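Have a look at the structure below, then the notes.
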């Protein structure tokens, strides 16, 4: 990993991490959606997968605008552990309803990480004068917040009640 000397370096590092996260999510989200039993949950996960693909393209656009090249030393997505824990949890002998509640909890943990990371990156970009990049990052941040809200509403109003 390159030395982090200033806010510009931190922004580039955040963007690279986010790219790894989005790539990893694009790999695992189809399996998450497939394991969902509730049709609304399955649909929400499938919709967010498509949104995630758009978010990755936004990041690639920012990489081009800022002349960022991916650091080969960054080989692991920061959310791999969260995904692995959720997969282990869902492998347990649980009811379909409990598994759906666990899927939502896992997805929300990931959303919360993304909300934090996109918020940080957007602030850095804005502070550094990368206004178009900041706008693109805030667009994704808003989508991540909306995804979290939808998952939360689904959990509170349906899934968690069924899992009781």
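Numerical summary
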quantity	calculated
Cβ-Cβ under 6 Å pairs, at least 6 apart or on other chains, the stretch 7-22 side without any contact (Cβ under 8 Å) to a residue 24 or more places away in the chain and on the phi > 0 side of the Ramachandran plot, far side part of a helix (DSSP H, G or I) and surrounded by fewer than 19 Cβ atoms within 10 Å (Cβ to Cβ)	none
Check on residue 29, modelled with pLDDT of 90 or more, within 15 Å of residue 121 (Cβ to Cβ) and surrounded by 13 or more Cβ atoms within 10 Å (Cβ to Cβ)	no
Answer from 153, 100, 142, 148 - the residue that is more than 23 Å from residue 11 (Cα to Cα) and surrounded by fewer than 17 Cβ atoms within 10 Å (Cβ to Cβ)	153
Failed condition for residue 131, given (1) touching a helix residue (DSSP H, G or I) at 6+ places or on another chain (Cβ under 7 Å); (2) farther than 30 Å from residue 88 by Cα	(1)
Unique residue being more than 18 Å from residue 160 (Cβ to Cβ) and touching a helix residue (DSSP H, G or I) at 6+ places or on another chain (Cβ under 8 Å) when the list is 33, 94	33
Members of the stretch 25-46 found to be under 18 Å from residue 148 (Cβ atoms) and part of a helix (DSSP H, G or I), listed by number	25, 28, 29, 32, 33, 40, 41, 42, 43, 44, 45, 46
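Table: residues versus (1) surrounded by 15 or more Cβ atoms within 10 Å (Cβ to Cβ); (2) without any contact (Cβ under 8 Å) to a residue 40 or more places away in the chain.
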| residue | (1), (2) |
| --- | --- |
| 49 | yes, yes |
| 57 | no, yes |
| 114 | yes, no |
| 129 | no, yes |
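The values are calculated or read from the model by the stated rules, or taken from the named source; none is laboratory data. Since we're looking at a predicted model, the values are computed, not measured. A quick note on method: Cβ atoms are made from the backbone with ideal geometry, for glycine too, and the neighbour counts reach across all protein chains shown.
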